[in-house]
Structure formats: structure tokens, C-alpha cells
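Below is one structure, written out as C-alpha cells, with a few remarks after it.
The values are calculated or read from the model by the stated rules, or taken from the named source; none is laboratory data. As the structure is a prediction and not an experimental result, all values here were calculated from the model. All Cβ positions, even for glycine, are placed from backbone atoms using ideal geometry, and neighbour counts span all protein chains on display. SASA here: full protein model, heavy atoms, side chains in, ligands and nucleic acids out. Shrake-Rupley method; radii C 1.70, N 1.55, O 1.52, S 1.80 Å.
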Amino acid sequence: MDIVILAVVIAVVVLGVLGGLIVGSRRKKPLPPPPPAAPDITAPPAEPHVGEEAETPREEPRRTIEEVDLPAGAGPVVIEEPPVAEAPRIEIPEPTAGRLVRLRARLSRSQNALGQGLLTLLSREHLDEDTWEEIEDTLLTADVGVQPTQELVDRLRERVKVLGTRTPDELRGLLREELITLVGPTMDRTVHTENESGGPGVVMVVGVNGTGKTTTTGKLARVLVADGNTVVLGAADTFRAAAADQLQTWGERVGAHTVRGPEAGDPASVAFDAVKEGKEMAADAVLIDTAGRLHTKTGLMDELGKVKRVVEKQAPLDEVLLVLDATTGQNGLVQARVFAEVVDITGIVLTKLDGTAKGGIVIAVQRELGVPVKLIGLGEGADDLAPFEPEAFVDALIGE
């Protein structure tokens with residue numbers, strides 16, 4: 001039995017050895033053949049060329065930087081600085097004395113409407129009731145007003161009756177005297193820029209839309225500068241686009257400082273700051289430009305009263321100038337009445353008095369408010385704002 005077991009074991013061992021040899025022989029694979037050597041690549045034959053390209057390239061001599069000649073006078077590169085913006089040129093306004101006399105030609109159309117029309121009627125040989133009615137119509141058409149017209153006609157009737165025979169020179173002299181009396185030669189027409197505290201005079205400019213307040217404020221600055229004053233401008237018109245820019249441009253032309261605030265900001269705050277800076281700079285005058293407002297808008301008029309009250313916390317107001325368009329006639333008187341109730345008007349500025357305007361509005365507005373016309377605008381030029389002079393104004397109306 002032992003012999004059988006031994007034989008079986010030997011047989012199993014023999015079979016295992018033979019199986020391992022067979023498997024090992026199967027796993028052996030032949031090595032891959034070595035890669036072929038890289039073939040020699042020869043350049044293709046050169047293409048034929050024509051002309052200079054057919055020549056064989058030649059090496060050219062090269063120069064070093066030491067051998068290169070630089071242009072004569074070459075120096076270091078200079079970097080130019082950007083030009084500095086020049087400050088605007090300060091203009092010197094023409095003197096205000098006699099300015100109205102120099103601008104009298106601007107009243108030529110008003111002469112035809114009032115002065116020349118009256119002289120023609122008074123020169124008639126017989127002054128009957130129809131003629132006097134024509135004289136009244138001429139005065140009313142020129143916006144003199146009902147009450148002033150009646151007063152002037154009554155005085156003219158009396159003096160013509162006493163005078164009897166009338167020469168052209170006598171009539172002109174008579175009419176001149178009566179018109180000057182009606183205009184009011186004794187009224188104080190000075191634009192006050194001094195106050196008892198010794199600080200700057202504070203002037204507020206008010207009016208309805210479209211009367212030219214901002215332009216008038218800029219021209220008034222020129223008037224004051226021409227008379228030797230230093231001026232600070234307050235751009236309190238924060239509602240109209242570019243109003244502050246416009247006023248600042250006017251100021252820069254005559255060397256006046258402009259105080260401004262954000263667009264649509266509080267106008268009372270701008271006015272307050274303008275007066276404050278005017279005091280700090282020891283300026284002679286502070287001009288405050290306010291926003292245009294319709295006299296029928298109660299809220300806007302109340303706001304104007306607020307601006308006035310805020311300014312007076314910093315310094316007293318010396319002038320409140322109402323700007324009126326002379327071409328609006330009797331409607332301007334309605335505007336004047338409402339503004340006077342809100343801000344206590346101290347003076348009138350009549351603009352657009354040249355051309356189609358009628359000179360009688362000067363008399364009517366003074367009677368309506370009881371305050372004098374202090375300045376009149378006679379054109380679009382920078383120096384076309386003139387201090388009002390009754391004698392020169394009447395002389396311009398009736399002509400030579």
C-alpha cells in the first residue's frame with residue numbers, strides 16, 4: 001500500500017513539473033525587430049530664379065553701433081509738458097457815467113411812439129378836444145398809465161393856454177420839463193452797496209421767467225466793477241439748467257468770484273454761503289441771482305421769501321431789484337405788485353427797453369410801486385445796462 005501511495009506522489013510531481021515547463025514556453029514571445037534607421041533626406045532641387053534672385057547670396061559687412069554716425073546736434077529727448085490752461089482774460093468794463101447818453105440811439109423807436117408823437121400833436125395850430133384826446137391816446141399807448149396820463153394832459157393844457165403862441169423849441173422845452181417831472185428827478189436811483197455794519201452790500205435780483213435776471217445780474221456786476229467795487233456772485237438759481245455756469249462766465253470776465261451749489265439744490269443755502277464768503281473776502285457787494293418764478297405760483301413766491309429770510313440771518317439786504325421786461329407793458333405791473341408784497345422791492349431794472357418797448361412804462365411802474373427805476377437794459381451787449389438818468393432818458397425820448 002505504501003508503494004502505491006509513493007507511486008502516486010511521484011506521478012503528481014512529474015505532472016506538475018511538465019505543466020510548468022509547458023506554460024513557461026507559451027509566455028515567451030519573440031522580441032520586436034529594431035526600428036529602421038532614419039532615411040537620409042535630400043533637399044529638393046532649387047527652383048530657378050530670375051535676375052538678382054538668381055545670384056548666390058553673399059555675406060554683407062555689418063557695422064557695430066560705435067561705427068554708426070549719429071545726426072549732428074542730437075541731444076537727449078525732451079518730453080514736452082501739456083500746456084497749462086490760461087486763466088480767462090479780465091475785462092475792464094466801460095465807465096458807467098454817461099452810459100445812457102451814449103446809448104440813446106437804442107431808444108429811437110420809443111421816440112417815435114412817445115416823444116415825437118406828442119411833439120407832432122402839440123405843434124398843431126389849434127388844440128381842440130379831439131387833439132387832446134389823441135395826446136391822451138398816445139400816452140396810454142406808450143404805457144404811461146391812466147393816472148399819470150391825466151396829470152400830464154392837465155398840466156400841458158394849462159401851460160399851453162398860458163403860453164399862447166408856440167414855437168417848436170418852446171414846445172420841446174415845455175414837454176421836456178413836464179416829462180422829467182413825471183419821471184421823478186428827485187428819486188434816489190443809487191444801487192446801494194454799503195451797509196452800516198461795514199460788510200458787503202447785499203443785492204438780491206428777482207423776477208419772473210424770461211425777463212433776463214441772470215444776464216442782468218452779470219451786467220450789474222460789470223457796472224459795479226466799473227465803478228471800482230469788488231463783487232461776489234451767488235448763483236441761487238438752482239432750478240434752471242446751466243444758470244450757474246452762465247453766471248460764473250459773467251463773473252470770470254470781470255474777476256468776480258461765483259458761489260454755486262448742486263443743481264436742484266436749496267437756493268437759500270447758496271445765497272447764505274454767498275453772503276458768508278463775501279464777508280470773508282471783504283467784498284464790496286454780493287449779488288444774488290434767484291430763480292425765475294411765475295407770480296401766480298404761491299409756493300414759489302413763498303420760497304423766495306425764505307431765501308430773503310435766510311440771507312438776512314447772515315447780513316441785512318440792502319437792495320432787492322425786480323427785473324421787468326419792458327415789452328410786457330401793463331402785465332409787468334401786475335408782476336411787480338405781487339413781488340413787492342413778498343420781498344419788499346427797493347428798485348426796478350427794466351430790460352429790453354430798446355426796439356419795440358414803450359418808454360412810458362418807466363413812469364407807470366414807478367407810480368405802481370413807489371420805488372425808482374434804477375437801471376435800464378438797452379441791448380444785448382455786455383455794457384448795455386445803464387444807470388437810469390431822468391434827464392438823459394427824456395432827452396432820448398423827445399429827440400433833438
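Name the residue, out of Ala336, Ala271, Ala326, Ala315, that is over 20 Å from Leu385 (Cβ atoms) and either surrounded by fewer than 22 Cβ atoms within 10 Å (Cβ to Cβ) or without any contact (Cβ under 8 Å) to a residue 60 or more places away in the chain (or both). Lay out the reasoning, then the answer.
On the way: Ala336 fails: over 20 Å from Leu385 (Cβ atoms); Ala271 fails: either surrounded by fewer than 22 Cβ atoms within 10 Å (Cβ to Cβ) or without any contact (Cβ under 8 Å) to a residue 60 or more places away in the chain (or both); Ala326 fails: over 20 Å from Leu385 (Cβ atoms).
Only one candidate qualifies: Ala315.
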Does Thr258 satisfy the condition of being of a type in the set (Val, Ile, Thr) and in a strand (DSSP E or B)?
-> yes
In segment 284-301, the residues that are at pLDDT 90 or above and open to solvent by 10 Å² or more (accessible area, probe 1.4 Å) = Asp284
Restricting attention to segment 351-369, which residues are closer than 23 Å to Leu175 by Cα and not β-branched (Val, Ile, Thr)?
-> Leu353, Asp354, Gly355, Ala357, Lys358, Gly359, Gly360, Ala364, Gln366, Arg367, Glu368
What helices (runs of 4 or more DSSP H) lie completely within segment 302-400 and have 2 or more residues being of a type outside the set (Val, Ile, Thr), over 26 Å from the mean Cα position of the chain (by Cα) and under 25 Å from Asn195 (Cβ atoms)?
-> 330-343, 361-369
Do any residues in segment 169-198 that are over 18 Å from Gly360 (Cα atoms) have Cβ atoms under 6 Å from those of residues that are open to solvent by 30 Å² or more (accessible area, probe 1.4 Å) and among the aromatic types (Phe, Trp, Tyr), where the two are at least six apart or on different chains, and which pairs are they?
-> none
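Taking Gly218, is it among the small types (Gly, Ala, Ser), assigned to a helix (DSSP H, G or I), crowded, with 18+ Cβ neighbours inside 10 Å and touching a Ser or Thr at 6+ places or on another chain (Cβ under 7 Å)? Break it down into steps so the answer makes sense when it comes.
Working: among the small types (Gly, Ala, Ser): yes; assigned to a helix (DSSP H, G or I): yes; crowded, with 18+ Cβ neighbours inside 10 Å: yes; touching a Ser or Thr at 6+ places or on another chain (Cβ under 7 Å): no.
For Gly218, the condition - among the small types (Gly, Ala, Ser), assigned to a helix (DSSP H, G or I), crowded, with 18+ Cβ neighbours inside 10 Å and touching a Ser or Thr at 6+ places or on another chain (Cβ under 7 Å) - is not met.
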Of the residues that make up segment 166-175, is at least one more than 23 Å from Leu321 (Cα to Cα), modelled with pLDDT of 90 or more, of a type in the set (D, E, K, R) and in a helix (DSSP H, G or I)?
-> no
Qualifying residue in segment 170-184 (condition: of a type outside the set (Ser, Thr, Tyr), within 30 Å of Pro267 (Cα to Cα), out of contact with any helix residue (DSSP H, G or I) (no Cβ under 8 Å at 6 or more places or on another chain) and surrounded by fewer than 13 Cβ atoms within 10 Å (Cβ to Cβ)) = no
Residues of segment 231-263 that turn out to be in contact (Cβ under 8 Å) with a residue 40 or more places away in the chain and of a type in the set (Ser, Thr, Tyr), as a count = 1
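Given Val146, Val162, which one is open to solvent by 50 Å² or more (accessible area, probe 1.4 Å), over 23 Å from Thr328 (Cβ atoms) and among the hydrophobic types (A, V, I, L, M, F, W, C)?
Details: Val146 fails: over 23 Å from Thr328 (Cβ atoms).
Being open to solvent by 50 Å² or more (accessible area, probe 1.4 Å), over 23 Å from Thr328 (Cβ atoms) and among the hydrophobic types (A, V, I, L, M, F, W, C) holds for just one of Val146, Val162, which is Val162.
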If Arg189 passes every condition in (1) basic (Lys, Arg); (2) over 20 Å from Glu391 (Cβ atoms); (3) at pLDDT 85 or above but one, which one does it miss?
-> (2)
Give the number of residues within segment 225-265 that are open to solvent by 30 Å² or more (accessible area, probe 1.4 Å), modelled with pLDDT of 90 or more and closer than 19 Å to Val307 by Cα.
-> 1
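Kindly provide the set of residues from segment 254-282 that are among the polar types (S, T, N, Q) and under 24 Å from Ile90 (Cα atoms), ordered by number. I'd like the intermediate steps shown before the answer.
Keep residues of segment 254-282 that are among the polar types (S, T, N, Q), which gives 258, 269.
The answer is Thr258, and nothing else.
Conditions (1) among the polar types (S, T, N, Q); (2) over 28 Å from Val225 (Cα atoms); (3) crowded, with 21+ Cβ neighbours inside 10 Å, marked per residue:
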| site | (1), (2), (3) |
| --- | --- |
| Thr351 | yes, no, yes |
| Gly360 | no, yes, yes |
| Leu369 | no, yes, no |
| Lys374 | no, no, yes |
| Gly379 | no, no, no |
| Ala382 | no, no, no |
| Pro387 | no, no, no |
| Phe393 | no, no, yes |
| Ala396 | no, no, yes |
